[in-house]
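The values are calculated or read from the model by the stated rules, or taken from the named source; none is laboratory data. A quick note: this is a predicted structure, and the numbers were derived from the prediction, not measured. For neighbour counting, all protein chains shown are included, and Cβ atoms are generated from backbone atoms with ideal geometry for every residue, glycine included.
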Amino acid sequence: MENILKIGVVGCGAIGREHIKRVRDKIAGAKIVAVTDVFEGSAQKAAELCGARIEPDAAALINAADVDAVIVTTPGFAHAEPVLQAIAAGKPVFCEKPLATTAADCKRIVDAEVASGKHLVQVGFMRRYDKGYNQVKDLLDSGDFGAPLLVKCTHRAEGVDDSYTTAMAVTDTAIHEIDVLQWLIGDVWASAQVIYPRNTVNAHEGLKDPQLMLLTTKGGIVVALEVFVNCRFGYDINCEVVCEDGVIHMPAPSWPTVRKNGQLSTKIEDNWMRRFIDAYDVEIAQWVDSAKRGVVEGPTAWDGYVAELTADALVAAQTSGKVEPILSGEKPEFYNK
């Protein structure tokens, strides 16, 4: 009989229910057996999707005898405790980004996992599973283009609601580039700076938009990331790597080119979930396979910690106007295994 990974889900909001449907419909060898949420209605909706039972809280779910592994999709501020509980229980845990909302909580998780002696935590940085980013990484790793020198990126969205803050341009938006670019170029972040151009008239009061974020690595690579969350024309993700012997531009998702009304045009994606839907599918399938084998092959707790430290430096740079250092310290040997 096929080995089935029995999963418990902590947090049953939109992304939690998406992952539940993903496991139900697309992932072989896995089953959601338990769910929990602080809002009873959300837990009930999730349970109805997959026939799982509802547990009263995260601790009860994580310690249930029939739960082999855990997916944490609560809001970011509530990630740390269930992840720590999963480590204490010795169970693999997939935690949506961010690992936690403070570097101190991320470090607690790193220290707990190292002390446990078992690789258990994977962080949901799904861009590492996107086809386009992987094509760029394959070309970089081939050595045919020489060393990367400069990376130019955009992260644009049509618009945001009034609850979106200037700091969220880092913590909710640029956090994806913070992780995927370090993985892409194989270097370690060293400093962060934020420059504000003229503000768009489309930004609500108090929001600085767009922003230019400059990151440097210990190896001297410079990353220029434009974050523009009121661009009005679509969800526009771009990445170009300038190397010693050539330039690599990440392909955009494929859309038909059409001729109509005197124009030649191609659609731009307008939904972040659809843009990376395939990456989410691959990510969860890979995590299920890894959890069964007792390994972590995706972004680790250390990656989550470094991402949060980098985000903290960028947020500090938003207000200081200075170049802020990123001091992640030495990577524990545990994460090199």
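Residues are listed down the side, and each one gets a yes or a no for (1) surrounded by 16 or more Cβ atoms within 10 Å (Cβ to Cβ); (2) at pLDDT 95 or above; (3) polar (S, T, N, Q):
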| position | (1), (2), (3) |
| --- | --- |
| A30 | yes, yes, no |
| F39 | no, yes, no |
| Q44 | no, yes, yes |
| R53 | no, yes, no |
| D57 | no, yes, no |
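For residues that are out of contact with any Phe, Trp or Tyr (no Cβ under 7 Å at 6 or more places or on another chain) and assigned to a helix (DSSP H, G or I), scanning just the stretch 177-189, find the one that is surrounded by the fewest Cβ atoms within 10 Å (Cβ to Cβ). Going through the qualifying residues, I end up with W183.
Looking at this structure, is R259 surrounded by fewer than 18 Cβ atoms within 10 Å (Cβ to Cβ) and in a helix (DSSP H, G or I)? Taking the combined requirement at face value, the residue does not satisfy it.
Of all residues being touching a helix residue (DSSP H, G or I) at 6+ places or on another chain (Cβ under 8 Å) and part of a helix (DSSP H, G or I) in the stretch 43-67, which is farthest from G294 (Cα to Cα)? Just the residue, please. Steps first, answer last, please.
Here is the first cut: in the stretch 43-67, the ones touching a helix residue (DSSP H, G or I) at 6+ places or on another chain (Cβ under 8 Å) are 45-46, 49-50, 52-55, 58-59, 62-63, 67.
Now restrict to residues that are part of a helix (DSSP H, G or I): 45-46, 49-50, 58-59, 62.
Working: K45: 30, A46: 27, L49: 27, C50: 25, A58: 22, A59: 21, I62: 17 Å.
In this case the residue turns out to be K45.
Of the residues in the stretch 68-93, how many are surrounded by 24 or more Cβ atoms within 10 Å (Cβ to Cβ), among the hydrophobic types (A, V, I, L, M, F, W, C) and not in a helix (DSSP H, G or I)? Within the stretch 68-93, residues that are surrounded by 24 or more Cβ atoms within 10 Å (Cβ to Cβ), among the hydrophobic types (A, V, I, L, M, F, W, C) and not in a helix (DSSP H, G or I) number 4. Residues that are part of a loop (DSSP other than H, G, I, E, B) and over 22 Å from the mean Cα position of the chain (by Cα) were ranked within the stretch 323-336; the one that is surrounded by the fewest Cβ atoms within 10 Å (Cβ to Cβ) is E330. Within the stretch 135-157, the set of residues being surrounded by 13 or more Cβ atoms within 10 Å (Cβ to Cβ) and out of contact with any strand residue (DSSP E or B) (no Cβ under 9 Å at 6 or more places or on another chain) comprises K137 only.
Going through A167, A203 one at a time, which residue ends up being aliphatic (A, V, I, L, M), at pLDDT 95 or above and buried (at least 17 other Cβ atoms within 10 Å of the Cβ)? Full working, then the answer.
On the way: A167 fails: buried (at least 17 other Cβ atoms within 10 Å of the Cβ).
The conditions single out A203.
From the list A279, A317, A252, the lone residue that is surrounded by 14 or more Cβ atoms within 10 Å (Cβ to Cβ), touching a residue at least 12 places away in the same chain (Cβ under 8 Å), part of a loop (DSSP other than H, G, I, E, B) and small (G, A, S) is A252. Do the conditions hold for D162, that is, is it closer than 25 Å to R275 by Cβ, assigned to a loop (DSSP other than H, G, I, E, B) and in contact with a strand residue (DSSP E or B) (Cβ under 7 Å, 6 or more places away or on another chain)? Taking the combined requirement at face value, the residue does not satisfy it.
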